[in-house]
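The values are calculated or read from the model by the stated rules, or taken from the named source; none is laboratory data. All values derive from a computational prediction rather than experimental measurement. Neighbour counts run over all protein chains shown; Cβ positions are idealised from the backbone, glycine included. For the accessible areas, the whole protein counts, side chains as well, though only heavy atoms, and no ligand, DNA or RNA atoms are used. Shrake-Rupley method; radii C 1.70, N 1.55, O 1.52, S 1.80 Å.
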Amino acid sequence: MKKFYVIAVVFSMALLPLACSKTYSLSPLPPAQATFTPTPMPCGYPGNTCTPTTTFTTAPSSTPTVTPTIAYSPTISLTCGPYENQFGSYGTGNGQFHFPCGIAFDSSNNVYVTDGSNSRVQKFDHSGNYLAQWGSYGTGNGQFGAVAGIAINPAGEIFVVDDGSDRVEIFNTSGTYLGQFGSQGTGNGEFEGPWGVSLDSSGNVFVADCINNNVQKFNSSYTYVTQWGTTGSGNSQFSYPRFIAVDSSGDVYVADEENARIQKFDNSGNYLTQWGSSGTGNGQFSQTFGVCVGTANRILVTDYSNERVEEFDNVGNYICQFGSSGNGNGQFSYGPQGVEVDSLGNVFVADNNGERIEVFEP
């Protein structure tokens, strides 16, 4: 009988949600003793590699198949977010910004940006070419006090948070005003400085109410359903919730700015988990601002004062980061706010004080 070895190497990593495995076969039999070093291999996410640092020895055996238990320490290289391009500059003209804030995409990958202090929404094609705009300063229909978050449903309805007038306004993709909900106050369906907005697959609308320190949920008819959150630092409490995101399972992620963390809830607002603390290390934050769900259920978070974007899996395990302080390509100027991922996996970040949108590869 021909003898051969089958050597199974399993790469098990605390930093990644996905394990890596590969089977190696040695045939014919090695000499009386052989040293075998597994080769690096892709694992986890695109661009990541695992490299075992230990080798092991084998010896011939009369057993045709040998699967040894291997102890090792992997070396993991994590990459994300290489800079691709940018668009925008400071000003009030077409394609210019004064504190860009939120980002959203329609089904054609056109890009919509809330232009904060210019009190408008600007629309660009996927390459950043200016297409249209709407809005002006005011409290009338289609006007804004100050714009913050933005989200788009599959029907092409665009939800824009009017932070200055404590409401959410609804438009079509041409900028035609369709309606609104919300008013100033502390009651159900009322807001004090709303910021982020996101939608689930059923059309429910979730709004992060920054000063009231809660999240409010509305149904697809924009009728108030429920809310959760109070002021504080405990589970389900907030200190200025900013942007908000919903994943394909309906779970809700909230950027809890001053508590320097992300909190995760189910669709009804029941607390699930959290991650983050104040600091500059991996997985820490200075101020959490933007949050979105990206490719492979990565959770992307803009770390405002640390001027970077950090990426995690959907239970908070740190994956990687990109960005640094500055005005150069791939840098942020105090600091990044909204972040969104298009259907191709490209990451768009609103560089608030840099007055531009920067685009990064998956």
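Under a 1.4 Å probe, what is the accessible area of segment 144-197 per residue, stated in Å²? All intermediate terms of the calculation are to be shown ahead of the outcome.
Working: 1760 Å² over 54 residues.
About 33 Å² of surface per residue is accessible.
Report the extension gain between residue 317 and residue 192 in nm, rounded to one decimal, defined as 0.36 nm multiplied by the number of residues separating them, less their alpha carbon distance.
Values: separation 125, 0.36 × 125 = 45.00 nm, distance 3.25 nm.
41.7 nm is the gain from fully extending residue 317 to residue 192.
Please find the FRET efficiency linking residue 137 to residue 184, where r is the Cβ-Cβ separation and R0 is fixed at 25 Å, and quote it to the nearest 0.05. Write out the running numbers ahead of the final one.
Numbers: r = 17 Å, r/R0 = 0.69.
Once the sixth-power term is evaluated, E becomes 0.90.
So if each residue of separation counts as 0.36 nm, and I subtract the Cα-Cα distance between residue 177 and residue 272, what length gain in nm does that give? Could you put the intermediate results ahead of the total?
On the way: separation 95, 0.36 × 95 = 34.20 nm, distance 3.66 nm.
Net length gain for the segment: 30.5 nm.
Pull out the extension gain between residue 231 and residue 297, defined as 0.36 nm times the separation in residues minus the alpha carbon to alpha carbon distance; nm, one decimal. Please report the intermediate quantities before stating the final value.
Values: separation 66, 0.36 × 66 = 23.76 nm, distance 2.88 nm.
The span from residue 231 to residue 297 would gain 20.9 nm if fully extended.
Starting from the Cα of residue 344, step 7 Å along the direction of its Cβ; do the same at residue 248; then give the gap between the two resulting points in nm.
2.1
Which of the three applies to segment 85-185, rounded, prolate or oblate, going by the alpha-carbon gyration tensor with a ≥ b ≥ c and a/c under 1.5 meaning rounded?
Details: a/c = 2.00, a/b = 1.27, b/c = 1.57.
It comes out oblate by the Cα gyration axes.
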